[in-house]
Amino acid sequence: MLSTKTRKVKNRVAIVLRLEPKSLSRAKGYFGEFFRRMRARLGTAQAITATAHKLARILFHVLHNKEPYTESIFHRCDEQAQQRAEIRLRKQAAQLGFQLPPISTNSVA
């Protein structure tokens, strides 16, 4: 590994895509949550790069396939990730000798 810093680029699109995540730190949408999650895990600089990369992939998909942007796919992916996490936690609890009760969706936390 030669360097872990973000490279200096002259491409204007790359610069704009890196400026956008800075404004997402307090956003309430999916990208704001993604940026905050990446910032907690990777640090601010790498979170900016990861979010810019996600935005670039979405932008390319929208322009290439000429489809409108929908955020529903992200919600579906998040639900699947939450289900996988619940299954993983149930398995870990079973290995430790515990049994978790089923989660009711009607209860208010």
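The values are calculated or read from the model by the stated rules, or taken from the named source; none is laboratory data. Worth saying up front: this structure is predicted, and the values here are computed from it rather than measured. Neighbour counts run over all protein chains shown; Cβ positions are idealised from the backbone, glycine included. SASA here: full protein model, heavy atoms, side chains in, ligands and nucleic acids out. Shrake-Rupley method; radii C 1.70, N 1.55, O 1.52, S 1.80 Å.
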Give the angle, between 0 and 90 degrees and rounded to the nearest 10, that separates the Cα long axis of helix 44-65 from the longest principal axis of the Cα atoms of the chain. 80 degrees
Name the GluC sites (Glu not before Pro) in region 36-109 that are in a loop by DSSP and that have at most 16 other C-beta atoms within 10 Å, would you? Glu71
Take every Cα pair under 8 Å in region 1-73 that's 6+ residues apart, average their separations, divide by the length, and report that relative contact order as a whole percent. 27 percent
HN-Hα J in Hz across region 74-82 - Karplus 6.51, -1.76, 1.60, θ = phi - 60°, x for Gly and Pro: 5, 5, 5, 5, 5, 5, 5, 5, 5
Which of Leu63, Leu89 is most accessible, then next, and so on - probe 1.4 Å: Leu63, Leu89
Give me the net charge of His61's neighbourhood, meaning all other residues with Cβ under 15 Å from the Cβ of His61; Lys, Arg count +1, Asp, Glu -1. +1
Return the sequence-ordered ³J(HN,Hα) values of region 19-36 in whole Hz as given by the Karplus equation 6.51 cos²θ - 1.76 cosθ + 1.60 applied to θ = phi - 60°, using x for Gly and Pro. 6, 4, x, 4, 7, 8, 4, 10, 5, 9, x, 4, 5, x, 5, 4, 4, 5
Estimated 222 nm signal from helices in the chain, with DSSP H stretches of n ≥ 4 weighted -39500 (n - 2.57), rounded to 500: -22000 deg cm²/dmol
What does the convex hull of the alpha-carbon atoms of the chain project to on average, in nm²? 11.1 nm²
May I ask you to list the trypsin sites (Lys or Arg not before Pro) in region 1-94 that are in a DSSP loop and have at most 12 other Cβ atoms within 10 Å of their Cβ? Lys5, Arg7, Lys8, Lys10, Lys28, Lys66
Enumerate the whole-percent occupancy of each 5 Å bin, from 0 to the last occupied one, for all C-alpha pair distances of region 45-109. 3, 13, 12, 16, 16, 10, 10, 12, 6, 2, 0
Roll a 1.4 Å probe over the protein chains and send me the accessible area per residue for the chain in Å². 87 Å²
